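Colleague: Handing you a structure now.
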Amino acid sequence: MSVLAMILAGGEGRGLGVLTADRAEAAVPFGGKYRLIDFSLSNCVNSGIYNVGVLTQYQPRSLNDHIAIGKPWDLDRARGGVRLLQPYQRVRGAVGAWQDGTADAVRFNLEFVTENDTEHVLVLAGDHIYKMDYNALLDVHVAKNADVTIGVRSVNPHDAQRFGMVTLDSDGRISYFKEKPKRTRRSQASMGIYAFKREFLLQWLSGKGLTQHDFGRDVLPSLVQHANVYGHNYQGYWADVGTIQSYFEANMALLGETPMLDLYDPDWVIHTRSQERPAVYVGDQARVDGNLLCDGCRVDGTVTRSVISPGVYIAPGAIVRDSILMNDTVVGEGAIVDRVIADKGVIIGAGAQVGANGDNTPNHLSPTRLNTGITVIGKRTQIPADISIGRNVEIFRNLPAAIFAKEGVKSGETITG
């Protein structure tokens, strides 16, 4: 069958705070060397789908730089390949001139869909972590002669407010769809993976669905009532990392003895744009235990249960525990870093203690987002030497050491500059 994949990669990702201050959620680093969008792109090519459109909107520069012409995914092709579809204003000054949701993102690019003479359109989220052969879902889609087929999986009902919750009849037909309900007894959630008959998608988004801006909130609840909508149950690992806690947990899950997400499977490689870096260096006084250490990082201190990205340097006497350090972060001599997510190029001064105290006061500005002891530091911020910074702290990007008070930062505070 012929398939066009449309990857929705323009989300702002507010739940990730400073990590998405200047990048789309799909471009957030993950697992040391990857970005979130690498998983949907790799799933496409591993499923034999080489015709892909990536729909961008919010802060697309780093995403554009990462994907470029698609060479790491074998998508640099004259026919098909990957196309970066940028947002645009349809009618100058008119209401609705800018796209306002996931369905709008596809609607604004219906000309691209029309130009690709395929039987089916696969609409994917660009910010989920999973490995999936899309052919299994597409086979169900064709066998049921469905207008739409949705990838679904079981989730904890306590997390239902984060997902579109569904009910499947005995034959797999979806009879109920509710986006992010506050309460529900249902346990089956939409994965944000939708297979459409191409002609049906074109007709709906240019006709009856003209006033429907978002797939989960508007389109799919309506389609359940008016079209043949089926579900495909997926049993493998899948994570929506749209919150700091879920992002942290998904990274830490990679450190298990037998992680549910196997990044070392030669039959299902997760491709990414890689930089040329030297091998990992571990000094003779270093101690490392249960980490992911990426190319170009140098460890002279102690690192346990952490994800260490390319180019990170951990100085002698420094201790890093249960943390995620992104590219080119530096941890100075004698510093202690505990349950910290540090974005790219962060400098943590010698003797600093970040997240090292036992006060677990929730963040004052975002108590539901930062309340489990994780401290997040934005890109290229400089943490001064010998300072103490508590837990559940959020520190904005590009801050110089001079702006920090000598007495440090208490748990639950937010530092904006």
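Taken together, the values in this text are just the output of simple stated rules run on the coordinates, not laboratory data. Note that the structure is predicted; figures quoted are calculated from it, not measured. Glycine also receives a Cβ, built like all others from the backbone with ideal geometry; neighbour counts cover every protein chain displayed.
Colleague: If amide hydrogens are placed 1.01 Å from N in the peptide plane, which non-local residues have theirs closer than 5 Å to the one on residue 163?
Modeller: 180
Colleague: Name the residue, out of 225, 188, 86, whose mean-square fluctuation peaks in a Gaussian network model built on the chain with Cα pairs under 10 Å.
Modeller: So, out of 225, 188, 86, the one fluctuating most is 225.
Colleague: Which one of 118, 304, 258 has the biggest mean-square fluctuation once the chain is modelled by GNM with Cα springs under 10 Å?
Modeller: Of the options given, 258 has the highest mean-square fluctuation.
Colleague: Let me ask something else about it. What is the distance, in nm, between label points placed 7 Å from the Cα along the Cα-to-Cβ direction at residue 183 and at residue 21?
Modeller: Between residue 183 and residue 21, the simple spin-label model gives 3.9 nm.
Colleague: According to the Cα gyration tensor, what semi-axes, each the square root of 5 times an eigenvalue, does the equivalent ellipsoid of the range 277-417 have, listed from largest to smallest in whole Å?
Modeller: On the way: eigenvalues 115, 43, 37 Å².
Ellipsoid semi-axes (Å, largest first): 24, 15, 14.
Colleague: Quick check: the angle from helix 244-253's long axis to the longest principal axis of the chain, C-alpha only, nearest 10 degrees?
Modeller: Helix 244-253 sits roughly 80 degrees off the main axis of the chain.
Colleague: On a full-extension model of 0.36 nm per residue, what is the gain between residue 64 and residue 295, subtracting their alpha-carbon distance, rounded to one decimal in nm?
Modeller: 80.9 nm
Colleague: Fewest Cβ neighbours within 10 Å first, please rank 232, 213 accordingly.
Modeller: The order, fewest Cβ neighbours first, is 213, 232.
Colleague: Show which lysines lie in cross-link reach of residue 208 when reach means a straight Cα distance below 21 angstrom and same-chain residues fewer than eight apart are skipped.
Modeller: Counting by Cα, and skipping residues close in sequence, residue 208 has these lysines nearby: 178, 197.
Colleague: Between residue 249 and residue 386, what length comes free when the chain is fully extended (0.36 nm per residue of separation minus the Cα-Cα distance, one decimal in nm)?
Modeller: Using 0.36 nm per residue and subtracting the Cα-Cα distance, I get 46.4 nm.
Colleague: If r is the Cβ-Cβ distance from residue 368 to residue 264 and R0 is 35 Å, what FRET efficiency results, to the nearest 0.05?
Modeller: Values: r = 35 Å, r/R0 = 1.00.
Result of the calculation: an efficiency of 0.50.
Colleague: What percent does the relative contact order of the chain come to when contacts are Cα pairs within less than 8 Å and at least six residues apart?
Modeller: Computed value for the chain: 13 percent relative contact order.
Colleague: Here is a follow-up. What's the percent breakdown of Cα-Cα distances in the chain across 10 Å bins, shortest bin first?
Modeller: Histogramming the chain at 10 Å steps yields 5, 21, 30, 24, 14, 5, 0 percent.
Colleague: Among 208, 379, 197, determine the one that fluctuates most according to a GNM of the chain built with springs between C-alpha atoms less than 10 Å apart.
Modeller: 208
Colleague: Show me the ranking of peptides 234-245, 73-84 by mean Cβ neighbours inside 10 Å, starting with the highest.
Modeller: 234-245, 73-84
Colleague: Using only Cα atoms and rounding to the nearest 10 degrees, what angle (0 to 90) does helix 37-46 make with the longest principal axis of the chain?
Modeller: With both axes taken from Cα atoms, the answer is about 50 degrees.
Colleague: Right, something else. Order these by the 10 Å Cβ neighbour count, fewest first: 226, 128, 141.
Modeller: Ascending Cβ contact count within 10 Å gives the list 226, 128, 141.
Colleague: Just from its helices, what would the mean residue ellipticity at 222 nm be for the chain, if runs of 4 or more DSSP H residues each count -39500 (n - 2.57) and the sum is divided by every residue, rounded to the nearest 500 deg cm²/dmol? Write down the numbers at each step before the final one.
Modeller: Details: 8 runs with 65 residues, N = 417.
It comes out at -4000 deg cm²/dmol, rounded to the nearest 500.
Colleague: Given R₀ = 22 Å, what would the calculated FRET efficiency be for residue 136 paired with residue 116, taking r from the Cβ atoms and rounding to 0.05?
Modeller: On the way: r = 22 Å, r/R0 = 1.02.
Working from the Cβ atoms, E equals 0.45.
Colleague: Would you list, by chain and number, the lysines whose Cα falls below 28 Å from the Cα of residue 71, excluding same-chain residues fewer than 8 positions away?
Modeller: In chain and number order, the partners are 33, 131, 344, 379.
Colleague: Want the number for residue 257 to residue 406: 0.36 nm per residue separation, take away the alpha-carbon distance, what's left? Can you show the working numbers first?
Modeller: Numbers: separation 149, 0.36 × 149 = 53.64 nm, distance 4.13 nm.
Between residue 257 and residue 406, full extension yields an extra 49.5 nm.
Colleague: Let me ask something additional. For residue 86 and residue 208, what does the FRET efficiency come to when R0 = 25 Å and r is the distance between their Cβ atoms, rounded to the nearest 0.05?
Modeller: Values: r = 27 Å, r/R0 = 1.09.
For R0 = 25 Å, the calculated efficiency reads 0.40.
Colleague: Could I ask something else about it? Could you line up 158, 66 from fewest to most neighbouring Cβ atoms inside 10 Å?
Modeller: By the 10 Å Cβ count, ascending, the order reads 158, 66.
Colleague: Another question, then. What are the ³J(HN,Hα) values, in whole Hz, obtained from phi via the Karplus relation 6.51 cos²θ - 1.76 cosθ + 1.60 with θ = phi - 60°, for each residue of the range 341-356 in sequence order, with x given for Gly and Pro?
Modeller: 10, 10, 6, 4, x, 6, 10, 10, x, 4, x, 5, 10, 10, x, 8
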